[in-house]
1. Given H placed on each backbone N at 1.01 Å, which residues far from Val173 in sequence or on other chains put an amide H within less than 5 Å of it?
2. If you average the C-alpha positions of segment 175-194 and of segment 130-166 separately, how far apart do those two centres end up, in angstrom?
3. Please compute the modelled spin-label separation between Phe56 and Thr139, points set 7 Å along Cα→Cβ, answer in nm with one decimal.
4. Could you line up Tyr120, Tyr60, Tyr114, Tyr50 from fewest to most neighbouring Cβ atoms inside 10 Å?
5. What's the exposure ranking of Glu83, Glu179, Glu109, going from fewest to most Cβ atoms within 10 Å?
6. So, how do all the Cα-to-Cα distances of segment 65-203 break down into 5 Å bins, in percent, from 0 on up?
7. Given axes a ≥ b ≥ c from the Cα gyration tensor, I'd like to know whether segment 118-169 is rounded (a/c under 1.5), prolate (a/b larger than b/c) or oblate.
8. Expressed as a rounded percentage, what relative contact order does segment 65-203 have, with Cα pairs under 8 Å and six or more residues apart?
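Here, each number is a calculation from the coordinates, and none is a lab measurement. The model shown is predicted, which means the values in this text are computed figures rather than measured ones. Glycine also receives a Cβ, built like all others from the backbone with ideal geometry; neighbour counts cover every protein chain displayed.
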Amino acid sequence: MSTRYDPKAKPGAGRGRARPVEPPVPLLAKIMQTLQVLTLMVAAAGALSYMINGNFTWNYKLPSWRRIQNTWMSSDRIFTPEELKQYDGTDPSKPIYLAIMGDVFDVTEGRSYYGPGGGYHFFAGRDAARAYITGCFQTHLTHDIRGLTPDQIKGIDDWRQFYTSGSEKYFKVGRVVHEPIDPNTPIPPPCDDGASAEQGQAAAGTSSSSSSSSS
Ligand code: HEM
């Protein structure tokens, strides 16, 4: 650092020698210094967290970019059933969406369940509300909930709550608009494997009579 002669310095100050004067630090340099210190502190905190927790964020899970975008933009996108079908996970460049009682959710974080090869892939890209409570994963992949009891409908709604706020992984992106169901068409008949529904809800941590959550 250079020194300059200070003409205003009192005689005798500095034992007769010219007193060194610090040149003024420009504002930009001060900002840069502060940023440097902050960056170092953040890096040190991240490194410490990595040593303790095995991650840089003190176990805080950063929201996905899709979720941030969705928060900024509206979650009122309207889908036709055909549009929704494009988000069934078969195209890896697209998010995975599923619907339940008309609400469309982004479940990309659950790709291992809902993507191709996942145990619940059949729920992706459609509104299969009925199957959520009957467990008929082949014949009840429909939004048609006619003929179900109020308890069963509550059970479906519990799943909807699970996707809305019961799981940090998923979030709502919009609504799917279905054609009205012709009341003259037959109600989907029960299936044999529906008996496993209650068992399955217990296994997945859900219940038709209590608030839903799942693994
Ligand atoms: C009505 C019947 C059922 C429904 C609607 C259902 C639905 C689901 C859903 C949607 C998930 C994924 C949850 C998530 O996204 O986090 C899930 C996970 C799971 N379900 Fe089911 N399920 C049913 C039946 C069963 C049955 C019968 C079993 C076992 C006997 C079972 C065992 C599991 C297990 C173990 C997981 C966690 C999977 C894992 O961690 O890889 N479920 N279930």
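1. So Val173 has HN proximity to Val104, Phe105, Asp106.
2. 12 Å
3. Calculated label separation equals 5.4 nm.
4. Ascending number of Cβ neighbours within 10 Å: Tyr60, Tyr50, Tyr120, Tyr114.
5. Final ranking by Cβ density, sparse to dense: Glu179, Glu83, Glu109.
6. 2, 10, 19, 24, 21, 13, 7, 3, 1
7. Verdict is oblate for segment 118-169.
8. Relative CO of segment 65-203 lands at 29 percent.
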